[in-house]
1. Among the residues of region 52-61, is any at pLDDT 95 or above, out of contact with any Ser or Thr (no Cβ under 7 Å at 6 or more places or on another chain) and not in a strand (DSSP E or B)?
2. I'm told Tyr67 meets every condition in (1) away from the ligand (no atom under 15 Å from the Cβ); (2) in a loop (DSSP other than H, G, I, E, B); (3) touching a Phe, Trp or Tyr at 6+ places or on another chain (Cβ under 9 Å) except one. Can you identify the failing condition by its number?
3. Taking the condition part of a helix (DSSP H, G or I), in contact (Cβ under 8 Å) with a residue 12 or more places away in the chain, touching a Lys or Arg at 6+ places or on another chain (Cβ under 9 Å) and not small (Gly, Ala, Ser), does Leu216 pass?
4. Only one of Ala44, Ala34 is within 15 Å of Lys283 (Cα to Cα) and either modelled with pLDDT of 95 or more or open to solvent by 60 Å² or more (accessible area, probe 1.4 Å) (or both); which?
5. Among Gly341, Gly333, which is the only one that is in contact (Cβ under 8 Å) with a residue 12 or more places away in the chain and open to solvent by less than 20 Å² (accessible area, probe 1.4 Å)?
6. Just give me the residues in region 102-154 being part of a helix (DSSP H, G or I) and of a type in the set (Val, Ile, Thr), in sequence order.
7. Just one of Arg72, Arg80 is more than 30 Å from Glu335 (Cβ to Cβ), open to solvent by 20 Å² or more (accessible area, probe 1.4 Å), at pLDDT 95 or above and near the ligand (Cβ under 10 Å from one of its atoms); which is it?
Amino acid sequence: MNRLIDRLAAVHTLSKADFVQLISSFTPETAAYAAECARKTAQAVFKNKIYIRGLIELTNFCRNDCYYCGIRRSNCHAQRYRLEKEEILCCTAEGYELGFRTFVLQGGEDPYYTTQYMTDIISSIKQQHPDCAITLSVGEQSKDTYQAYFDAGADRYLLRHETADEMHYSRLHPTELSGAHRKQCLRWLKEIGFQTGSGFMVGSPFQTPENLADDLLFLADLKPEMIGIGPFIPHHDTPFAQVPHGSVELTLFLLSLLRLMFPDVLLPATTALGTLDPIGREKGILAGANVVMPNLSPQAVRNKYMLYDNKLATGMESAQHIADLRARFDKIGYEIQVDRGDSPRIKMSN
Ligand code: SAH
């Protein structure tokens with residue numbers, strides 16, 4: 001197995017059969033070896049720097065009904081909220097003071113935010129903070145809408161493909177959503193010029209090692225600038241309430257494989273990882289991740305953006321506790337970087 005890891009580190013890809021073998025039969029020793037190689041790879045590109053992003057959860061209204069997601073439209077128990085432009089600008093002003101230079105606006109697909117309103121929000125943030133990057137994560141939109149967001153000043157866009165296998169996709173989503181269209185959206189985002197992020201859940205219902213190998217190969221083809229992965233965690237008001245959560249160990253191992261595949265990719269240690277493991281963030285970084293996204297949403301709405309049960313928005317997950325985060329990274333030899341933290345690929349092309 002270590003030979004496969006060495007090969008991945010050297011040539012950045014493997015056959016599907018080799019990925020399946022690694023994913024289905026890795027041991028703690030293989031994972032430790034992969035993490036060590038991944039750490040070295042990340043340090044060669046990013047040194048010991050960790051990029052931070054302030055996450056603003058715009059709205060939990062959503063027109064979609066993804067079977068795994070706590071803010072799906074059929075969840076009548078969700079207490080819905082949405083933030084107006086002025087509230088968002090308060091979050092970014094506070095975040096700026098705390099040292100954030102990237103703001104991630106994430107939300108359900110909420111038609112209340114018309115293209116015009118979103119572009120107004122984007123340009124207002126850019127006006128107040130011209131030295132900051134804006135990342136959007138508001139789901140599937142038309143190509144024209146994506147272009148309008150970009151023209152208004154948005155820099156990056158996160159849209160996880162969720163699973164590359166379209167049969168698997170159809171078991172996680174209602175029929176009006178398709179894996180093919182989600183992939184089309186990703187290609188549009190790249191064409192328009194966004195630094196684009198994709199990714200998947202680890203341990204989502206019905207997922208097989210072959211599905212995960214296909215996810216890695218899909219990403220190899222897409223070549224995104226950012227990749228977000230995290231364990232699936234059930235939400236009690238969804239059809240998958242009884243499905244067990246994904247494995248922290250497998251998520252960490254996949255982070256290491258992704259780092260070896262994409263030495264310069266922006267790879268967060270996600271909230272879902274921190275939710276399942278109190279030192280999930282640190283473990284993620286030690287497995288090759290280089291980004292964290294603490295929560296900058298207004299306190300009053302923080303426990304309402306419940307994608308899954310027990311989702312963290314306090315402690316280390318809270319932007320206001322950045323000093324704690326800094327101290328904890330310091331203990332493992334890492335430092336928070338105060339700048340936009342663009343993809344090294346973009347910097348090179350500028
Ligand atoms: N509407 C946006 C944002 C979705 S929420 C979009 O469509 O991209 C961001 C991510 O949370 C999703 O892409 C999904 O991968 C993840 N997520 C949703 N429900 C989850 C769950 N139950 N467990 C773990 N991750 C989940």
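1. So far as region 52-61 goes, yes, one or more of its residues are at pLDDT 95 or above, out of contact with any Ser or Thr (no Cβ under 7 Å at 6 or more places or on another chain) and not in a strand (DSSP E or B).
2. Condition not satisfied by Tyr67: (1).
3. yes
4. Matching residue, one of Ala44, Ala34: Ala34.
5. Gly341
6. Thr115, Thr119, Ile121, Ile122, Ile125, Thr145
7. Arg72
Yes/no per residue for (1) assigned to a loop (DSSP other than H, G, I, E, B); (2) in contact with a strand residue (DSSP E or B) (Cβ under 7 Å, 6 or more places away or on another chain); (3) not acidic (Asp, Glu):
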{"position": "Thr13", "(1), (2), (3)": "yes, no, yes"}
{"position": "Asp18", "(1), (2), (3)": "no, no, no"}
{"position": "Arg72", "(1), (2), (3)": "yes, no, yes"}
{"position": "Ala78", "(1), (2), (3)": "yes, no, yes"}
{"position": "Ala93", "(1), (2), (3)": "no, no, yes"}
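The values are calculated or read from the model by the stated rules, or taken from the named source; none is laboratory data. Just so it is clear, the structure is predicted and the values come from calculations on it, not from any experiment. Ideal geometry is used to build each Cβ from the backbone, glycine not excepted, and the neighbour counts take in all protein chains shown. Just so you know, the surface numbers come from the protein's heavy atoms only, side chains and all, with ligands and any DNA or RNA stripped out. Shrake-Rupley method; radii C 1.70, N 1.55, O 1.52, S 1.80 Å.
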